[in-house]
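Participant: The structure under discussion is supplied below as structure tokens; questions concerning it will follow.
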Amino acid sequence: MILCDYGCGQEAKYQFKNGRWCCSKSFDTCPATIQKRLGSNNPFYGKKHSEETKKKIRDFHEQKRIIKELNKKVKEKPLLCEYGCGQEAKYRMSNDKWCCEPKRSKCPNVRKNISKAKKGVPNPHKGVPCSEEKKKILSELATGRTASIETRKKMSESKKGKPQPWKHGGHVRTEEWKQMMRIKSTGRKLSDEAKKKISEKNKGNPSWNLGKKYSEESKKKMSNAAKKRILNGNYKKYNPISKPQKQLFTMVKEIFNQAEIEYHSLNYYIDIAIPNLKIAIEYDGSYWHQDETKDLKRQKDIESLGWKFLRYVDTIPSKQELLQDLITIHPLEAFYETGILCKQNEDRRELFRNSWTRGERECFDQFDQSDKESRPIYWNYYL
């Protein structure tokens, strides 16, 4: 066994031009030379350059810089990439070579050579968990980075024809993993900035379910799943409430304190219900309520229990129109005898007077406000 000639005591592996053997590729990295140069062992330790030597060093570096600039001017731009990919040369590298990409590592020929050199060599990072500090650094680098359209196309072409591991049994999702994902997703709400970014990205792009028609089997599966949710009482969690329905509910809630949204009756849910009076108010969007026979069957089943329906198709009525429609279904006296109507509404007197007929208004004006016995009971709520 040949030992290192520089005095470290390790096995020599490399021979230099001067005939000496060393444990490393260069004598600078040998542990013996490193120890000699540390601290007081270094001959230049504690010494400072004089002004003359500093000027000489500056002049030397300036001459180098000038020579580089002159070489850049003299060398003409080649037509093709000098790394052998055959594409047009666009960028100049630090070693005075021209490349098709701003970074040499992105050149297709260089990438091919790197991949060939690394074939069969195991990845040193495989199985090694990343530390939290490294994860933070990687997350900061990844924020705001978006893949270009060309890279997306390349990724899609490379994955074409290959089976997806999570679809064809390659990756089985365990129950522990599912529970972990449920815990992470519960209570998570997107910020306003994230919502804006998603909406900006989706602008101009057609939705994935545009023009898609479900088969009869899938429709049956969806209906059975909805029935199970209704029986378990989880319908409100999965059924999103539309904006017009919310607006109509707030209007009804101002008039009737006991109004409820998504009220359960039989195997159905009523959009807005007044349970004590058994009045059902439905808002039907023309896109989602195209099957009239299904809606009529649902209405008849609920009406068999004594309920009365009000339907609004793609329109939200005003407060006066809503009251007039309610009076046509149910007598006005019943609203006040049950005491369901809100007493805190400031404009209820004018609102309900406008909903009366001409004869009721004249009759109301004729009665003396102090004479409580002669006037109807429900008028006392206006005075």
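Participant: Please verify whether region 63-75 includes one or more residues that are at pLDDT 85 or above, assigned to a loop (DSSP other than H, G, I, E, B) and either farther than 30 Å from residue 150 by Cα or in contact with a helix residue (DSSP H, G or I) (Cβ under 7 Å, 6 or more places away or on another chain) (or both).
Facilitator: No, region 63-75 has no match at all.
Participant: Check 197, 246, 178 and return the single one that is surrounded by 11 or more Cβ atoms within 10 Å (Cβ to Cβ), at pLDDT 80 or above and more than 30 Å from residue 277 (Cβ to Cβ).
Facilitator: Every option except 197 fails the conditions.
Participant: In addition: Taking the residues in region 80-109 that are polar (S, T, N, Q) and either more than 24 Å from residue 67 (Cα to Cα) or buried (at least 17 other Cβ atoms within 10 Å of the Cβ) (or both) as candidates, determine which candidate is nearest to the chain's Cα centre (by Cα).
Facilitator: The selected residue is 105.
Participant: Can I ask one more? For residue 94, indicate whether it is outside the structural domain of residue 111 (by TED's automatic domain parsing) and part of a loop (DSSP other than H, G, I, E, B).
Facilitator: no
Participant: Only residues in region 25-39 that are within 15 Å of residue 10 (Cα to Cα) count as the first member; pair them with residues that are assigned to a helix (DSSP H, G or I) and of a type in the set (S, T, N, Q), Cβ under 8 angstrom, at least 6 apart or cross-chain, and list the lot.
Facilitator: Between residues of region 25-39 that are within 15 Å of residue 10 (Cα to Cα) and residues that are assigned to a helix (DSSP H, G or I) and of a type in the set (S, T, N, Q), the close pairs are 27/33; 35/41.
The values are calculated or read from the model by the stated rules, or taken from the named source; none is laboratory data. Quick caveat, the model's predicted, so the values are computed rather than measured. Cβ atoms come from the backbone with ideal geometry, glycine included; neighbour counts cover every protein chain shown.
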